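Trainee: Take a look at this one; I'll ask things after.
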């Protein structure tokens, strides 16, 4: 019987796991969703609320992928900053995407309340600057967002203040975002599963999709055990879309990231490290992101690899980065270490859209998936049901390019680029 990859999350949330069967026959529905992570489950919930018959097919277990393994951090904005959209397009589109990202953060709280999901949710996050130049850039962007986007949940922290909040002397300052936060991602994912079940969504695990045919009136979704005939489908596979040749796979780059989880901090360390329970993300290209669990373990991620063969070196690099941020934790026992795939787009903006009026998709959340996946599912469901919404139109205005070189050459290219950027981080360029 398949199980979740070993992690603190999997062990800590095992009591929430339900039992869901494989699909073993042919079925029909209004909406078929491929992928049982945050975005797929969100789509299912929204479509089911409209009274539609919904089937979800997950190739492993619900929350098995990035949704159940990520750092658990909740941020608005897109990965490379709303300024990228503003410069590339215009302020009007940037404001629309910004508002969607803020609605994505709010939607998490709404879902937790509506479905009584217990997932250790905490508020507040710090963007920490690894150089004076990056601190000045952060402060400039903070003032601009407060003025232009009317976002008033930000507070600038000087070096002394950020050291007090984080418990590390590594940083030059930072920005405290009271609208950010963090949660236990697998608990949240399994809460969404139960929410979908309560709305009569048909849920199937260990039901990998092998082929999608959408040339006819209906869409046929084939698995090795059975077939689903649907009026419309949503492809919500993110980094695990390989093999579903529907024309969008090369728009994303799967990359591996690793997380270490220590033994619980003693009472003295708890007073010094993240005393207000904020999460942290710093300014490195391979950013460090970390927080404390509900029982005060340090959950620390950061090392990213575009070559999926470098597993051991990624694990070692993650622990090395933890030791650099927190020398006081160097001798602490690491109880868990795990990794998984996230999906990047070329411009680090989520790719949400439709191939035709029957096939919808969302992927490439680029490290901001905890929040954006939920709103992506809501957007997809709304557009499946009715006319095209302004939210989907906003994402369709953002052009996504394929990664160069195809599957064979794009990873070596990205390895070279990321290595160069990592060197710039070392020298604070």
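The values are calculated or read from the model by the stated rules, or taken from the named source; none is laboratory data. Computed from a predicted model, the values in this text were never measured in an experiment. Cβ: placed from backbone, ideal geometry, glycine included. Neighbour counts: every protein chain shown.
Trainee: Given the structure, is residue 343 assigned to a strand (DSSP E or B), modelled with pLDDT under 95 and crowded, with 22+ Cβ neighbours inside 10 Å? Steps first, answer last, please.
Mentor: Details: assigned to a strand (DSSP E or B): yes; modelled with pLDDT under 95: yes; crowded, with 22+ Cβ neighbours inside 10 Å: yes.
In short, yes.
Trainee: Sort out for me the helices (runs of 4 or more DSSP H) sitting completely within the range 81-191 that have 1 or more residues that are under 22 Å from residue 394 (Cβ atoms) and in contact (Cβ under 8 Å) with a residue 12 or more places away in the chain.
Mentor: On the way: elements: 82-88, 91-115, 132-148, 159-166.
Output list reads 82-88, 91-115, 132-148.
Trainee: How many of the residues in the range 359-375 are touching a helix residue (DSSP H, G or I) at 6+ places or on another chain (Cβ under 9 Å) and within 19 Å of residue 30 (Cα to Cα)? Outline the logic, then answer.
Mentor: The first filter runs over the range 359-375 and keeps only residues touching a helix residue (DSSP H, G or I) at 6+ places or on another chain (Cβ under 9 Å), leaving 360-366, 368-375.
With the extra rule that they be within 19 Å of residue 30 (Cα to Cα), the set shrinks to 360-362.
Residues in the range 359-375 being touching a helix residue (DSSP H, G or I) at 6+ places or on another chain (Cβ under 9 Å) and within 19 Å of residue 30 (Cα to Cα): 3 in total.
Trainee: Please pick out the residue among 377, 367 that is in contact (Cβ under 8 Å) with a residue 24 or more places away in the chain, closer than 22 Å to residue 48 by Cα and either assigned to a helix (DSSP H, G or I) or in contact with a strand residue (DSSP E or B) (Cβ under 7 Å, 6 or more places away or on another chain) (or both).
Mentor: Values: 367 fails: closer than 22 Å to residue 48 by Cα.
Step by step, each of 377, 367 is checked, and only 377 is in contact (Cβ under 8 Å) with a residue 24 or more places away in the chain, closer than 22 Å to residue 48 by Cα and either assigned to a helix (DSSP H, G or I) or in contact with a strand residue (DSSP E or B) (Cβ under 7 Å, 6 or more places away or on another chain) (or both).
Trainee: Looking at residue 263 and the list (1) part of a helix (DSSP H, G or I); (2) farther than 20 Å from residue 125 by Cα, which single condition is not satisfied?
Mentor: (1)
Trainee: Given the conditions (1) at positive phi; (2) surrounded by fewer than 17 Cβ atoms within 10 Å (Cβ to Cβ); (3) at pLDDT 95 or above, and given that residue 115 satisfies all but one, which numbered condition is not satisfied?
Mentor: Of (1) at positive phi; (2) surrounded by fewer than 17 Cβ atoms within 10 Å (Cβ to Cβ); (3) at pLDDT 95 or above, only one is false for residue 115: (1).
Trainee: Still on this structure: Just wondering, is there one or more residues in the range 204-217 that are crowded, with 21+ Cβ neighbours inside 10 Å, at pLDDT 95 or above and within 30 Å of residue 83 (Cα to Cα)?
Mentor: No.
Trainee: Only one residue in 36, 40, 63 is assigned to a helix (DSSP H, G or I), buried (at least 23 other Cβ atoms within 10 Å of the Cβ) and either within 18 Å of the chain's Cα centre (by Cα) or modelled with pLDDT under 95 (or both), so which one is that?
Mentor: Numbers: 36 fails: assigned to a helix (DSSP H, G or I); 63 fails: assigned to a helix (DSSP H, G or I).
Answer to the check: 40.
Trainee: While we're on this one: Listed residues 273, 259, 252, 299; which is modelled with pLDDT of 85 or more and farther than 22 Å from residue 332 by Cβ?
Mentor: Details: 273 fails: farther than 22 Å from residue 332 by Cβ; 259 fails: farther than 22 Å from residue 332 by Cβ; 299 fails: farther than 22 Å from residue 332 by Cβ.
Among 273, 259, 252, 299, only 252 is modelled with pLDDT of 85 or more and farther than 22 Å from residue 332 by Cβ.
Trainee: Restricting to the range 142-157, name every residue that is surrounded by 13 or more Cβ atoms within 10 Å (Cβ to Cβ) and either farther than 13 Å from residue 176 by Cα or out of contact with any helix residue (DSSP H, G or I) (no Cβ under 8 Å at 6 or more places or on another chain) (or both). Spell out the reasoning first.
Mentor: Taking the range 142-157 as the starting set, the residues that turn out to be surrounded by 13 or more Cβ atoms within 10 Å (Cβ to Cβ) are 142, 144-146, 148-149, 151, 153-157.
Answer for the range 142-157, where residues must be surrounded by 13 or more Cβ atoms within 10 Å (Cβ to Cβ) and either farther than 13 Å from residue 176 by Cα or out of contact with any helix residue (DSSP H, G or I) (no Cβ under 8 Å at 6 or more places or on another chain) (or both): 142, 144, 145, 146, 148, 149, 153, 155.
Trainee: Any idea which of 180, 195, 189 is touching a helix residue (DSSP H, G or I) at 6+ places or on another chain (Cβ under 9 Å), surrounded by fewer than 24 Cβ atoms within 10 Å (Cβ to Cβ) and within 22 Å of residue 69 (Cα to Cα)? Before the answer, list the steps.
Mentor: Details: 180 fails: surrounded by fewer than 24 Cβ atoms within 10 Å (Cβ to Cβ); 189 fails: surrounded by fewer than 24 Cβ atoms within 10 Å (Cβ to Cβ).
After ruling out the rest, the residue left standing is 195.
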